[in-house]
Amino acid sequence: MGTLLVLGYCVINSTKSVFEGSLVQHLSPEFIAFNSFVLAQGFYFLVCRDKKALLATVRRCLPDVIALNLATMVCWVAVLYAFTVFEPAMANSVILGLVPGITIVLGFKLRPGVRALRLEVVAALGMLAAMVFLVAAAWNGSSAIGDLSKGDLAAGLIYCVLTSFALSAVTYFTKRLGDKGMSVQQMMASRFGVLILVTLGLLIARDSFAAYTPRNIGAILLISTVGVIVSLYLLQAGIVRTEPITVSMLFGTNLIITYLAQFLDPRLHQSTATFIGVVVLSAAMCLGAWARWRHGRDNSPDRVPAEADGATQSAGNQK
């Protein structure tokens, strides 16, 4: 069930990425994020019925709630800025190519009881190699955007790296809050406060407000309802039902769908280099996800021999 929920998120998120990549060409990233998440935060707060329980849970888990808020803010703002430089498939490939490696490293500190499998490490290295290939293609002007200045390339990479770290942190802090008994509904009702405050500050500081035309309002409503409210609920529910490294591997399905969706954006010409990088990244992510699934299947209670199970119970009773 966790896998299906995360995959549902990936389908929505990949098509949304192409839409946002086109949208940030005439609207500022902070304008899109502020308006979309004000609506989303209001919705999630209203549908959370037990406000007293929400407040009590937030107080009990305050450090992790704040960390999830900060990670969410960096993740969404940085990725929108990345779309101002890179094509969506390229940006998502660089971001997701980094995430598994970062997730494995963070796991030593945040979830020391869960080790990465050998094949997951191999998959993470394969994704890093594909990411380096894609960066080289962008450097040579072989991506769908064409030639990029060194300054734009550096800025795009910084945005992608920030997004990767933030996405890994979102996964882990969501898992930690779930382990502490915080429900998905409570997480969503308390997740976007920092993002809203920071993007409002950016709007004021950069004077990047835009007109609320019917077209802009329609785009914001679409992003907020489908791209945030529906998709993030699927992701949040999926994360608490599976391991973080598996989630990071499943994000690879974003890439194929994003690449295909880019055919709908007339400003982009399709790049063979991007396609090769996307295929390699997706294959590596599938390898990692399969390795974790096989490990879970082989170590499930149903597959433990009766003798071993009895010995385990006996040892447990002695403790």
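The values are calculated or read from the model by the stated rules, or taken from the named source; none is laboratory data. Only a predicted model underlies this, so the values are computations on that prediction, with no experimental measurement involved. Because the Cβ atoms are built from the backbone with ideal geometry, glycine has one as well, and the counts that use them run over all protein chains shown. SASA here: full protein model, heavy atoms, side chains in, ligands and nucleic acids out. Shrake-Rupley method; radii C 1.70, N 1.55, O 1.52, S 1.80 Å.
Residue under question is residue 162, and the condition is that it be at pLDDT 85 or above, surrounded by fewer than 18 Cβ atoms within 10 Å (Cβ to Cβ) and either touching a strand residue (DSSP E or B) at 6+ places or on another chain (Cβ under 8 Å) or assigned to a helix (DSSP H, G or I) (or both); does it hold? Give the steps one after another, and end with the answer.
Working: at pLDDT 85 or above: yes; surrounded by fewer than 18 Cβ atoms within 10 Å (Cβ to Cβ): no; either touching a strand residue (DSSP E or B) at 6+ places or on another chain (Cβ under 8 Å) or assigned to a helix (DSSP H, G or I) (or both): yes.
Considered against the rule, which asks whether it is at pLDDT 85 or above, surrounded by fewer than 18 Cβ atoms within 10 Å (Cβ to Cβ) and either touching a strand residue (DSSP E or B) at 6+ places or on another chain (Cβ under 8 Å) or assigned to a helix (DSSP H, G or I) (or both), residue 162 comes out as no.
So, in the range 133-157, of the ones that are part of a helix (DSSP H, G or I) and free of Cβ contacts under 8 Å to residues at least 24 places away in the same chain, which residue ends up nearest to residue 246 (Cα to Cα)? Break it down stepwise before answering.
Initially, the range 133-157 is screened for residues part of a helix (DSSP H, G or I), giving 133-139, 150-157.
In the following step, the residues that additionally are free of Cβ contacts under 8 Å to residues at least 24 places away in the same chain were identified as 136, 139, 150-151, 154.
Values: 136: 28, 139: 31, 150: 34, 151: 34, 154: 30 Å.
Filtering the range 133-157 for residues that are part of a helix (DSSP H, G or I) and free of Cβ contacts under 8 Å to residues at least 24 places away in the same chain, the one nearest to residue 246 (Cα to Cα) comes out as 136.
Only one of (1) closer than 30 Å to residue 155 by Cβ; (2) β-branched (Val, Ile, Thr); (3) not in a loop (DSSP other than H, G, I, E, B) fails for residue 85. Which number is that?
(3)
Take residue 191 and decide whether it is closer than 29 Å to residue 7 by Cβ, touching a residue at least 60 places away in the same chain (Cβ under 8 Å), outside any helix (DSSP H, G or I) and open to solvent by less than 20 Å² (accessible area, probe 1.4 Å).
Working: closer than 29 Å to residue 7 by Cβ: yes; touching a residue at least 60 places away in the same chain (Cβ under 8 Å): yes; outside any helix (DSSP H, G or I): yes; open to solvent by less than 20 Å² (accessible area, probe 1.4 Å): yes.
Judged against the criteria, residue 191 is a match.
Of the residues that sit in the range 274-299 and are charged (D, E, K, R) and either open to solvent by 80 Å² or more (accessible area, probe 1.4 Å) or closer than 22 Å to residue 135 by Cβ (or both), which one is farthest from the chain's Cα centre (by Cα)?
Our first condition is that a residue be charged (D, E, K, R); within the range 274-299, this holds for 292, 294, 297-298.
Keeping just the survivors that are either open to solvent by 80 Å² or more (accessible area, probe 1.4 Å) or closer than 22 Å to residue 135 by Cβ (or both) gives 294, 297.
Working: 294: 24, 297: 26 Å.
Once the filter is applied, the top-ranked residue is 297.
I'm trying to understand the selection: among the residues of the range 246-273, which are β-branched (Val, Ile, Thr), under 18 Å from residue 131 (Cα atoms) and either at pLDDT below 85 or surrounded by fewer than 21 Cβ atoms within 10 Å (Cβ to Cβ) (or both)? If you could, list the steps in order and put the result at the bottom.
Initial filter on the range 246-273 (β-branched (Val, Ile, Thr)): 246-247, 253, 256-258, 272.
Next, from what is left, pick out any that are under 18 Å from residue 131 (Cα atoms): 253, 256-258, 272.
Passing the criteria: 253, 256, 257, 272.
Kindly indicate the residue of the range 70-87 that is among the β-branched types (Val, Ile, Thr) and over 13 Å from the mean Cα position of the chain (by Cα) and also modelled with the lowest pLDDT among those meeting that condition. Break it down into steps so the answer makes sense when it comes.
The initial filter retains those residues of the range 70-87 that are among the β-branched types (Val, Ile, Thr), namely 72, 74, 77, 79, 84-85.
Then keep just the ones that are over 13 Å from the mean Cα position of the chain (by Cα); that gives 84-85.
Working: 84: 90, 85: 87.
Looking at the filtered set, the residue picked out is 85.
Residue-by-condition table, conditions (1) under 24 Å from residue 102 (Cα atoms); (2) within 18 Å of the chain's Cα centre (by Cα):
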residue: 191; (1), (2): yes, yes
residue: 203; (1), (2): no, no
residue: 216; (1), (2): no, no
residue: 221; (1), (2): no, no
residue: 230; (1), (2): no, yes
residue: 238; (1), (2): yes, yes
residue: 243; (1), (2): yes, yes
residue: 258; (1), (2): yes, yes
